[in-house]
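The values are calculated or read from the model by the stated rules, or taken from the named source; none is laboratory data. The structure displayed is predicted, hence computed values, not measured ones. Here the Cβ positions follow ideal geometry from the backbone for every residue, glycine too, while neighbour counts run over all protein chains shown.
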Amino acid sequence: MTELWFAIILGIVEGITEFLPISSTGHLLLCQQWMGISMDDSFWKMFAIFIQIGAILAVVVYFRDRIFQLLKRSGRGRLVAATPLEISASGTSADGSSTATLPVSSPSTQAGRYSPLVLVLIATVPGLVIGFLTHKLVEQYLETARVIAIVLFVGGLIMALIEYLRPAVTTREIEQMTLWQAIGIGCAQVLAAVFPGTSRSAATIMAGMVAGLSRAAAAEFSFFLAIPAMFAACGYSLLKQIRSHAGMTMQQSLLLAVGTIVSFLVAWIVIAGFMNFIRKHSFVPFAVYRIVLAAVVFWALW
């Protein structure tokens, strides 16, 4: 029964923190340490990664209409993005809701730009490559409460600085993104792969804002970017478990299922609330939370 509660709590933590810019990995590692779960336990290490599948599925379900729209356009051979004129005519906004108020501009301004789905795949590559090359080093030396606290603190300061500077918005929809914006966001995702506590969503959303994306566009691209990156991480973790011949008992399989379902349900609610929140507010509350949490962790360590 104790392990079942562990699975439920970790599923809730994953669902809440995966897409908020406060680091799901950092929170899961801290929770595991405070619960007394051994950091060398192969099952619980795999559990913390595998339950991200629930959060990924929440993204797919929430943005299902938007994803279908982009897939249908790509299926017609549209490797370049739709123009703002086409976006306005489609009546679909960044979160998949109906609207008819998006900006209209000349089709020539979008010539040669890639489809958002292509940009997502391009931006995924740096994180996957660097993550694969450094994962052993990260597991051995960087998955500690002290490192997580430092990264949470520094990330909070950077987030607050970006909000204070307020970079000019040049891209309000991901259909308007350029190749170099996508590459820059993909490189920022590397930080999350290397430094636990960075937050993949924080790194990619903040990089998007620096690159000129609106908050909503940066968040949407960050969510789409999570789908291939997190599926790859979950698949690799599961493959390691299988190759190690560790296997899983029926009870462990049940714990995985419970954690994944809980993370899916919680993440679905969080994504909807987060997209509504950022249309009206800044990321400063998340920056403050990161700094306060870092202080609490330092205090606990001391």
Taking region 270-302 and keeping only residues that are under 17 Å from the mean Cα position of the chain (by Cα), in a helix (DSSP H, G or I) and touching a residue at least 12 places away in the same chain (Cβ under 8 Å), one is left with V270, I271, A272, F274, M275, I278, F286, A287, R290
Scan region 228-283 for residues that are touching an Asp or Glu at 6+ places or on another chain (Cβ under 7 Å), under 18 Å from S24 (Cα atoms) and of a type in the set (A, V, I, L, M) and jot them down.
-> A267, M275
What do you reckon, is A218 free of Cβ contacts under 8 Å to residues at least 60 places away in the same chain and within 22 Å of P116 (Cβ to Cβ)?
-> yes
Counting just the residues of region 236-246 that are assigned to a loop (DSSP other than H, G, I, E, B) and surrounded by 10 or more Cβ atoms within 10 Å (Cβ to Cβ), which one comes out modelled with the lowest pLDDT?
-> A246
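Can we say P126 is surrounded by 14 or more Cβ atoms within 10 Å (Cβ to Cβ), at pLDDT 90 or above and assigned to a loop (DSSP other than H, G, I, E, B)?
Answer is no for this residue.
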Any residue at all in region 189-198 that is of a type in the set (F, W, Y) and in a helix (DSSP H, G or I)?
-> no
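Kindly indicate the residue of region 129-175 that is closer than 25 Å to Y114 by Cβ and modelled with pLDDT under 90 and also surrounded by the fewest Cβ atoms within 10 Å (Cβ to Cβ) among those meeting that condition. Give the steps one after another, and end with the answer.
Initially, region 129-175 is screened for residues closer than 25 Å to Y114 by Cβ, giving 129-132, 167-175.
Keeping just the survivors that are modelled with pLDDT under 90 gives 131-132.
Numbers: G131: 19, F132: 13.
Taking the candidates together, the pick is F132.
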Return yes when F264 is among the aromatic types (F, W, Y), within 28 Å of F153 (Cβ to Cβ) and in contact (Cβ under 8 Å) with a residue 24 or more places away in the chain and no when it is not.
-> no
Among (1) β-branched (V, I, T); (2) surrounded by fewer than 24 Cβ atoms within 10 Å (Cβ to Cβ); (3) in contact (Cβ under 8 Å) with a residue 40 or more places away in the chain - the single one T198 does not satisfy | (2)
Screening I205, I227 for residues that are buried (at least 21 other Cβ atoms within 10 Å of the Cβ), among the β-branched types (V, I, T), closer than 26 Å to I12 by Cα and under 20 Å from the mean Cα position of the chain (by Cα) leaves only I205
